[in-house]
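Undergrad: Quick one: the structure is below, questions incoming.
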Amino acid sequence: MSESTVIVVLTQRGLTTARRLRPAIGDVAIHGYQSRVDGAEVMFDDVGEHLRQLFTQGVAIVGVCATGILVRALASVIASKRVDPPVLSVAEDG
């Protein structure tokens, strides 16, 4: 199954916010950082690698985290605003 959008969370507080956001986004999976999140549908252990993998596969990312984390992780794989998938940063408190 190919995902078109996912929510990525790095903390338990972020998971709470992601669950509140999900009804507005649609039926999307929540990906959680293994060492800090308990209860996400998909778990990962390397933040940068996971974000880059999603991005290069054309998956839209809603990151419940600081914008800087997303920018630093994805900078090396950004090609063009015309072809890259969207990336949205949401603060942990929504």
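The values are calculated or read from the model by the stated rules, or taken from the named source; none is laboratory data. This structure is a prediction, so every number in the text was calculated from the model and none was measured. So basically every Cβ, Gly included, is an ideal-geometry build from the backbone, and we count neighbours across all protein chains shown. These area figures cover heavy atoms from the full protein model, side chains too; ligands, DNA and RNA do not enter into them. Shrake-Rupley method; radii C 1.70, N 1.55, O 1.52, S 1.80 Å.
Undergrad: Select from region 14-23 the residues that are in contact (Cβ under 8 Å) with a residue 24 or more places away in the chain, farther than 23 Å from ASP84 by Cα and within 14 Å of the chain's Cα centre (by Cα) and write down the one among them that is surrounded by the most Cβ atoms within 10 Å (Cβ to Cβ).
TA: It comes out as GLY14.
Undergrad: Something else now. Can you go through ASP84, ASP38, ASP93, ASP46 and tell me which one is open to solvent by 20 Å² or more (accessible area, probe 1.4 Å) and free of Cβ contacts under 8 Å to residues at least 12 places away in the same chain?
TA: ASP46
Undergrad: Right, SER76: in contact with a helix residue (DSSP H, G or I) (Cβ under 9 Å, 6 or more places away or on another chain), loosely packed, with under 13 Cβ neighbours inside 10 Å and not in a loop (DSSP other than H, G, I, E, B) or not?
TA: Here the answer is yes, as SER76 does meet what is asked.
Undergrad: Still on this model: Need the failing condition index for VAL6 against (1) part of a helix (DSSP H, G or I); (2) out of contact with any Ser or Thr (no Cβ under 9 Å at 6 or more places or on another chain); (3) surrounded by 13 or more Cβ atoms within 10 Å (Cβ to Cβ), just the number.
TA: Just one mismatch for VAL6, condition (1).
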